[in-house]
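S.K.: Can you keep this structure in mind? I'll have questions shortly.
The values are calculated or read from the model by the stated rules, or taken from the named source; none is laboratory data. Note that the coordinates shown come from a computational prediction; the quantities given were computed from them, not determined experimentally. Heads up, the Cβs are rebuilt from the backbone with ideal geometry, glycines too, and the neighbour counts pull from every protein chain shown. Side chains included, ligands, DNA and RNA excluded: accessible areas come from the protein's heavy atoms. Shrake-Rupley method; radii C 1.70, N 1.55, O 1.52, S 1.80 Å.
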Amino acid sequence: MAAAQDSFQTLKTAGLAEVDPEIAALLGRELERQRGQIELIASENFTWPSILEAIGSVPTNKYAEGYPGKRYYGGCEVVDEIERVAIARAKELFGAEHANVQPNAGSATNMAVYMAMLQPGDPILGLRLDHGGHLTHGHKVNFSGKLYDFQHYGVSRETMRVDYDEVLALAKAHRPKLIVCGGSAYPRLVETERFRAIADEVGALLLCDMAHYSGLVAAGVVPSPVPHCDFVTSTTHKTLAGPRSGFILCREQHAAAVDKAIFPGLQGGPLMHAVAAKAACFRIAGSAAFRDYATAVRDNAQALAVAVIESGQEVLTGGTDTHLVQVDLRNSTFTGKDAEERLHEVHMTANRNTVPFDERPPTVASGVRLGTPAMTMRGFTAADFAEVGSVIGAALVEGADLSALAVRSSELCDRYPLYPGFRGWPTYEA
Ligand code: DSN
């Protein structure tokens, strides 16, 4: 009994390394993995230390079903303030009439909009996944494709950009109640005014999923979808550089329906520590420092695209307006899977991705998607991304000396330490 008491007392103040050395060691290894490679996954970022603190904070202990001032639990007076601050900051940052900051993830944001406005079986029009869309934009294996009657538009074979004439023709034929724009692998601007005109012509609502580029929107680096859309959904952990989470912006007339769809429709108790972290993320995203960061993300992606092309590879659309570059390997003997594996060997992390009109299956794919948010956060400049592009090109040549290329990657990583002095998680000071 005494030993159990001691153990209980110890647990109340002990840090993770003491309580669970196995998981602590794995977290340490993950930190070293992140430090030791060039992170090019377009949807990933290295969030701020302040956000890691907030996401590891005490509201994780609090139930708060409902909304500020209308909770189903006592003791919500502080988390009410946290959520009100997060909502106010989201609305100000993006110029939105209403914000719901409770979604736990990007998928929940899109699901909530569909649930708020549609009935199962209703027609929706969205971008094909293999042309740059997202699973939640109606893919047949996803809830969205199973519950709703999705039709898809794609990009033009000539330009690899959205074909707005096709969108209009499909909208006239399919009569969607909702049109979804945005996606997860589209390197060019999403022209929401053009989608608005099409939606108005067929009497549809318009949703923009800006999860990938919301940081660029916050910084004014790309045009905002907010003025043209009924709903805008996003995650907070990609270009926005915040915690792993989501949020929804909408017009005031849809506020009650969206809030009801999130709670009680889809989620129970909101993750209030994540809401606190989102509030901090929105504050940072409104700063001049963040505007400089987001501008560098876009400029670095353009430098990376140029370098990849100069190294002899093809890039979809010939470049990018955003944070992502799609390397097109349809004419290469290397597949997307090969490229992902070879990049891993040269200490770069990226993901294979289908490209439009891909003849290879998604598990193999003919593309590799690259993004600049994470390494720009680490401090990489356009010149560094030119070096990254040159290493990528060299790695995709038969007989390349991958070990020598890995040294070039390591030299770049060493110049820009990640989380110096940090061991991977916030420390409890007894
Ligand atoms: N899985 C994310 C991405 O990589 O783009 C989108 O949800």
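S.K.: Return the residues of the stretch 298-337 that are among the acidic types (Asp, Glu) and open to solvent by 50 Å² or more (accessible area, probe 1.4 Å); say none if nothing qualifies.
M.R.: The first filter runs over the stretch 298-337 and keeps only residues among the acidic types (Asp, Glu), leaving 299, 310, 314, 321, 328.
ASP299, GLU310, GLU314, listed by residue number.
S.K.: Separate question: Can you tell me which residue among TYR67, TYR63 is over 27 Å from VAL297 (Cβ atoms) and surrounded by 18 or more Cβ atoms within 10 Å (Cβ to Cβ)?
M.R.: On the way: TYR63 fails: surrounded by 18 or more Cβ atoms within 10 Å (Cβ to Cβ).
Criteria check complete, one pass: TYR67.
S.K.: Quick test of your reading of the structure: GLU341 fulfils all but one of (1) among the charged types (D, E, K, R); (2) touching a helix residue (DSSP H, G or I) at 6+ places or on another chain (Cβ under 9 Å); (3) open to solvent by 60 Å² or more (accessible area, probe 1.4 Å). Name the failing condition by number.
M.R.: Unmet condition: (2).
Here's the yes/no breakdown for (1) in contact with a Gly (Cβ under 6 Å, 6 or more places away or on another chain); (2) open to solvent by 10 Å² or more (accessible area, probe 1.4 Å); (3) within 16 Å of the ligand (Cβ to nearest atom):
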position	(1), (2), (3)
GLY367	yes, no, yes
LEU370	no, no, yes
GLY379	no, yes, no
ALA386	no, yes, no
VAL397	no, yes, no
ASP401	no, yes, no
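S.K.: Considering only the stretch 121-128, I want to know if a residue exists there that is of a type in the set (Lys, Arg) and surrounded by fewer than 18 Cβ atoms within 10 Å (Cβ to Cβ). Explain how you work it out, then say what you get.
M.R.: Of all residues in the stretch 121-128, those of a type in the set (Lys, Arg) come to 128.
Among the residues that remain, those that are also surrounded by fewer than 18 Cβ atoms within 10 Å (Cβ to Cβ) are: none.
So far as the stretch 121-128 goes, no, none of its residues is of a type in the set (Lys, Arg) and surrounded by fewer than 18 Cβ atoms within 10 Å (Cβ to Cβ).
S.K.: In the stretch 43-64, what residues are out of contact with any helix residue (DSSP H, G or I) (no Cβ under 7 Å at 6 or more places or on another chain) and within 16 Å of the ligand (Cβ to nearest atom)?
M.R.: Across the stretch 43-64, the qualifying residues are SER43, THR47.
S.K.: Assess whether PHE143 counts as being aromatic (Phe, Trp, Tyr), within 16 Å of the ligand (Cβ to nearest atom) and either open to solvent by less than 40 Å² (accessible area, probe 1.4 Å) or over 20 Å from GLY242 (Cα atoms) (or both). Even if it seems obvious, please write down each step before you answer.
M.R.: On the way: aromatic (Phe, Trp, Tyr): yes; within 16 Å of the ligand (Cβ to nearest atom): yes; either open to solvent by less than 40 Å² (accessible area, probe 1.4 Å) or over 20 Å from GLY242 (Cα atoms) (or both): yes.
Yes; evaluated as a whole, the condition is true for this residue.
S.K.: For a quick check of your reading of the model, give me the residue pairs whose first member lies in the stretch 122-138 and is on the phi > 0 side of the Ramachandran plot, whose second is open to solvent by 10 Å² or more (accessible area, probe 1.4 Å) and of a type in the set (Phe, Trp, Tyr), with beta-carbon atoms closer than 7 Å and at least 6 apart or on different chains.
M.R.: Every condition considered, the pairs that remain are GLY132/TYR186; GLY138/TYR148; GLY138/PHE150.
S.K.: Among the candidates MET111, MET115, MET160, single out the residue that is on the phi < 0 side of the Ramachandran plot and more than 16 Å from the ligand (Cβ to nearest atom). It would help to see each step written out before you state the result.
M.R.: Details: MET111 fails: more than 16 Å from the ligand (Cβ to nearest atom); MET160 fails: on the phi < 0 side of the Ramachandran plot.
Of MET111, MET115, MET160, the one residue that is on the phi < 0 side of the Ramachandran plot and more than 16 Å from the ligand (Cβ to nearest atom) is MET115.
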